[in-house]
């Protein structure tokens with residue numbers, strides 16, 4: 001088990017290393033960083049001297065090693081645009097992103113589980129049909145369009161909630177969290193339903209029912225716990241998409257998070273900030289998947305057993 | 001027989017946890033198992049029959065998909081005006097059939113879905129947008145499939161250290177969410193039409209490699225491969241003549257399932273300004289433009305978004321249908 005987790009951590013570190021490398025080489029592929037930073041209104045001589053100053057005239061391999069060394073020390077240079085330390089700049093944005101993703105996840109889990117359980121228990125009823133049609137549509141609706149629709153309805157038409165920004169506290173969190181969480185909610189609902197439906201046909205559920213167990217206890221304690229294992233897996237997978245979706249949602253609602261900064265910096269070709277923010281998103285993703293791997297055996301002891309057999 | 005059938009049924013029920021009752025699908029599953037027992041390829045007539053006999057949702061999705069594709073192909077004849085032609089005298093004109101638009105009509109046949117801030121016809125822009133989005137998505141899906149299948153067949157047949165390395169790379173690639181991956185790649189490559197296609201290919205190839213490789217691993221142990229080898233076929237001949245024809249159905253199924261994801265991804269990238277550059281009317285660009293006028297011109301947001309949703313929904317449903325048709329036990 002411990003070895004399993006260690007393996008996952010190593011794989012996670014490899015992913016982070018891979019992303020760092022890809023971002024570095026890709027950002028050098030697009031063109032000369034000196035020209036991009038200084039713009040068009042400078043002489044060739046100035047560009048040359050700036051290139052020397054920044055070490056951009058050295059071989060790419062040397063630049064990469066230097067970049068990795070300073071990356072390990074947490075130094076990614078200074079933002080071209082804000083002229084501030086890139087790492088500090090990105091970390092200032094982190095709380096906003098965490099707040100948004102946590103709220104969206106909470107909403108997605110609550111709605112997804114409720115809808116999924118309700119559909120499974122009331123299988124074949126109109127309620128089930130409605131929930132599941134909505135869930136299937138949820139797979140087809142682009143997050144950003146849903147965000148625009150919600151914005152139009154609640155902010156522009158009804159004036160109930162702020163259009164964008166983060167100044168209004170909880171009120172400004174509602175729309176971004178709803179739009180970010182809805183797609184995940186649909187996915188969770190679909191899986192909870194099919195997982196519950198499968199569990200409900202098992203023998204032990206019939207036994208529990210025949211001994212006269214109230215259906216609430218039957219569903220909550222006997223069925224749901226087993227049905228949750230694949231659901232937790234999908235929530236784990238969805239967390240990555242949640243981070244990706246956060247980039248989009250933050251941009252639409254001008255939510256001052258890491259994702260919005262990443263997109264804005266890509267458009268501004270502000271490479272130090274791009275590198276830090278993309279890396280932070282990658283690290284966040286890796287941490288989540290490792291934590292989930294640790295969580296599975298607690299939910300389903302059978303997983304721990306198979307691992308101890310597979311890895312002696 | 002019984003065990004295969006119940007297995008197929010169970011997987012089917014799990015896969016189809018989307019509103020369709022498993023009981024409703026039972027006869028289909030039986031048919032499919034029969035087909036597998038006969039192990040004969042279905043004729044075209046039987047394919048067509050299955051399309052008509054399938055659940056109503058699939059038929060509706062098929063019709064919508066065909067309509068959208070036709071709209072894209074016939075865009076230059078269907079559109080009332082050029083999507084890039086501006087009419088600054090009629091900016092932000094509401095759709096002609098809406099309350100405000102009806103009282104203030106434009107030329108007949110134009111502005112059925114309103115006009116944008118430069119007086120460009122929204123319907124024309126949507127039709128051309130579908131065309132562009134479909135072209136980009138199809139190209140990306142095809143190339144991602146070619147790349148992924150090639151890698152999958154090569155690594156599955158070869159095994160060895162290179163296989164292990166490529167598979168580790170593939171797993172790492174797959175564990176990263178597509179939007180983030182796309183943004184990482186755009187961060188490096190920069191935006192643009194060709195780059196968008198490249199980004200979509202690069203975000204998508206790994207799925208094919210993973211699935212196809214595992215299929216090749218089981219195919220290479222089968223008797224017909226052994227027979228081919230015994231007859232003196234080299235690895236290349238085995239790959240081209242014996243393995244690749246076997247994995248094509250899976251690859252195509254995967255491609256139809258991936259199509260919707262690619263369409264959304266492309267729209268999202270363009271919406272963020274990281275995809276197709278303006279003024280090209282891609283669906284994502286239309287939505288990005290419309291966003292600034294959400295207060296005054298709802299039609300700029302509603303119609304392009306509805307189009308994306310309809311396109312993705314119908315291709316998702318068709319993808320599920322193709323999967324069930326090819327192999328209901330496929331876990332894609």
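Coordinate-derived values only; no laboratory data. Every value quoted in this text rests on a predicted model; they were computed, and no experiment measured them. Heads up, the Cβs are rebuilt from the backbone with ideal geometry, glycines too, and the neighbour counts pull from every protein chain shown.
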Worksheet item: Against the longest alpha carbon principal axis of chain A, how many degrees, from 0 to 90 and to the nearest 10, is the axis of helix A:271-299 turned?
Response: 20
Response to the item:
Restricting to Cα pairs under 8 Å and 6 or more apart, the percent relative contact order of chain A works out to 27
Item to complete: Specify whether the C-alpha gyration tensor of chain A places it in the rounded, prolate or oblate class, a ≥ b ≥ c being the square roots of the eigenvalues: rounded for a/c under 1.5, otherwise prolate if a/b is larger than b/c and oblate if not.
Response: oblate
Item to complete: Using a 10 angstrom cutoff on alpha carbons, build the Gaussian network for chain A and name the most mobile of A:238, A:84, A:45.
Response: A:45
Fill in: GNM flexibility winner over chain A from A:114, A:149, A:53 (Cα, springs under 10 Å)
A:53
Item to complete: Please list A:140-146, A:7-13 highest first by mean number of surrounding beta-carbon atoms within 10 Å per residue.
Response: A:140-146, A:7-13
Item to complete: Divide by every residue of chain A the summed helix terms, -39500 (n - 2.57) for each DSSP H run of at least 4, and state the resulting mean residue ellipticity at 222 nm, rounded to the nearest 500 deg cm²/dmol.
Response: -25500 deg cm²/dmol
Worksheet entry | Rounded tilt (10° steps) of A:44-54 against the dominant C-alpha axis of chain A | 60
Fill in: Radius of gyration, Dmax [segment B:183-332; alpha carbons; angstrom]
20.6, 73
Worksheet item: Which whole-number percent is the relative contact order of segment B:259-332 (Cα, under 8 Å, 6+ apart)?
Response: 28
